[in-house]
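Take this structure, written in structure tokens, and hold onto it; I'll ask about it next.
The values are calculated or read from the model by the stated rules, or taken from the named source; none is laboratory data. None of these values were measured; they are calculated from a predicted model. Counting neighbours? That spans all protein chains shown, and the Cβs are built from the backbone with ideal geometry, glycine included.
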Amino acid sequence: MVDSAKDTLNSEQLPAYENLLELEDLRVHFHTQDGVVKAVDGVSFSLNAGETLGVVGESGSGKSVTALSILGLVPMPPGQIAGGDIRFKGQSLIGMKDKDLRQIRGNHIAMIFQDPLSALNPVYKVGKQVAEGLRIHRGYNKQQANARAIELLDMVGIPNPEQRVREYPHQFSGGMRQRAMIAMALACEPEILIADEPTTALDVTIQAQIIELMQRMQHDLGTAIIMITHDLGVVADVADRILVMYAGKPVEYGTADQIFYEPLHPYTWGLMRSIPKRTIDDDKPLTPIKGNPPSLINLPPGCAFSERCPYATDRCREQEPSIKLISDEHFSACFYSDDEEFILNSPIYDDAEELKAQAAAGMLYTGIERDAEDAEDAGGAAQPAGERDNTASTQAGESNG
Ligand SMILES: Nc1ncnc2c1ncn2[C@@H]1O[C@H](COP(=O)(O)OP(=O)(O)OP(=O)(O)O)[C@@H](O)[C@H]1O
Ligand code: SF4
Ligand SMILES: [Mg+2]
């Protein structure tokens, strides 16, 4: 089936926000000895000032490459922008001169990298690195930069900042390095902060502190945040909208409420059932998605998720679904997302009550509030499995353990 162009995810369909940042059908490929890795293949989203976008997907789904592309940090070669556009305040960043891009990087758009040790230079003192952007972009002299570095370290909760600015990254603990990187990213008060798995390597208490810190910065400075994570639970509490990626492609995109309470794509259902916090209930063990993501060099024909999807039909294995607008601002790339019976029979809708109870108890890190009427609606959606010729409900029941 060929979907009508007007229904697919393109910038005209995206909600009309201030469009601080727009990605339109971005494609980033790597030319390797084994073949072309389509790391990012048709990603679109828009980001409004002060808003938080969660980008979620398993390892290798193209999250970091998407982020690095925005900052012009994809190594080329082997990387190549194979198509699409990235616009910051309406201005295309693709093909922009390196000198101009450097003005935007750190100054207007900053990034907290996945690995703080690789982002912090081991041979320079932390204070010098935190303040580097201020010297480059804001013309601060050495004393001014040092004073501001102390303020920034203090602001991100690093004790004894006067002493800490003179220390090297290896003298910092993991959590403190992460905080130093946040301080560095925030130094020039960027309009957009990209946080790539900022909490993965940290324990739960520090994770919560770092997320709280980023939210406070957002509140104080109006920063827009792109929060990248493999764990939907991490963005439950912080994202306004969520983009779910699989094998380099967007598979679902919507508001956080839509993704959490009305998820449409079987891959999103799988991610929801993998949220670690759900193991708190012993009767509902963690259900990781079976199998592994496909090779990005040789994607299977049809839907990229078909080899792991319990609902896959012959059609799914032959034709590729494109991402389509299903309801108000809510996009999904599954043939059956507009089939009400299919959606209502999903394991997530059976679990709606439990999910909401966990959310209310803060067990999903979620602060999303639902009023009583909404709760009733969602509860009513948990209907007995109907008969589908693809035995979807049976298989879902099995994978439930
Ligand atoms: N420099 C490179 N050369 C070749 N392939 C690359 C390069 N950088 C990334 N890739 C490939 O692009 C794909 C997407 O990688 P990316 O780092 O964006 O994944 P990710 O979603 O951030 O995963 P993770 O959760 O593990 O960080 C992967 O298959 C990766 O191997
Ligand atoms: S299109 Fe088919 S294989 Fe892909 S997610 Fe939907 S049901 Fe599963
Ligand atoms: Mg990554």
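Being crowded, with 22+ Cβ neighbours inside 10 Å, under 26 Å from the mean Cα position of the chain (by Cα) and at pLDDT 85 or above is true for just one of 149, 131, 110. Which residue is that?
Selected residue: 110, the only one of 149, 131, 110 that is crowded, with 22+ Cβ neighbours inside 10 Å, under 26 Å from the mean Cα position of the chain (by Cα) and at pLDDT 85 or above.
Right, here's the next one. Could you tell me whether residue 98 is more than 16 Å from ligand 2 (Cβ to nearest atom), under 21 Å from residue 184 (Cβ atoms) and acidic (Asp, Glu)?
Working: more than 16 Å from ligand 2 (Cβ to nearest atom): yes; under 21 Å from residue 184 (Cβ atoms): yes; acidic (Asp, Glu): yes.
So residue 98 fits the description; yes.
Next up: In this structure, is residue 306 touching a helix residue (DSSP H, G or I) at 6+ places or on another chain (Cβ under 9 Å), without any contact (Cβ under 8 Å) to a residue 24 or more places away in the chain, of a type outside the set (Asp, Glu) and away from ligand 1 (no atom under 16 Å from the Cβ)?
Taking the combined requirement at face value, the residue satisfies it.
Kindly check whether there is at least one residue in region 328-343 that is at pLDDT below 95 and more than 30 Å from residue 46 (Cβ to Cβ).
Within region 328-343, one or more residues are at pLDDT below 95 and more than 30 Å from residue 46 (Cβ to Cβ).
Another one. So which residues in region 238-262 are surrounded by fewer than 24 Cβ atoms within 10 Å (Cβ to Cβ) and β-branched (Val, Ile, Thr)?
238, 255
Can we say residue 50 is within 16 Å of ligand 2 (Cβ to nearest atom), crowded, with 16+ Cβ neighbours inside 10 Å and over 12 Å from the mean Cα position of the chain (by Cα)?
On the way: within 16 Å of ligand 2 (Cβ to nearest atom): no; crowded, with 16+ Cβ neighbours inside 10 Å: yes; over 12 Å from the mean Cα position of the chain (by Cα): yes.
For residue 50, the condition - within 16 Å of ligand 2 (Cβ to nearest atom), crowded, with 16+ Cβ neighbours inside 10 Å and over 12 Å from the mean Cα position of the chain (by Cα) - is not met.
Residues in region 51-64: is at least one at pLDDT 95 or above, within 20 Å of residue 247 (Cα to Cα) and more than 14 Å from ligand 1 (Cβ to nearest atom)?
Yes: region 51-64 contains one or more residues that are at pLDDT 95 or above, within 20 Å of residue 247 (Cα to Cα) and more than 14 Å from ligand 1 (Cβ to nearest atom).
Here's something else I'd like to know. So which residues in region 162-174 are more than 10 Å from residue 126 (Cα to Cα) and part of a helix (DSSP H, G or I), if there are any at all?
162, 163, 174
Let me ask something additional. Which residue out of 176, 155, 214 is on the phi < 0 side of the Ramachandran plot, more than 16 Å from ligand 1 (Cβ to nearest atom) and without any contact (Cβ under 8 Å) to a residue 24 or more places away in the chain?
The conditions single out 176.
So for region 173-189 (the condition being modelled with pLDDT of 85 or more, of a type outside the set (Asp, Glu), over 27 Å from residue 22 (Cα atoms) and exposed (fewer than 15 other Cβ atoms within 10 Å of the Cβ)), does at least one residue qualify?
yes
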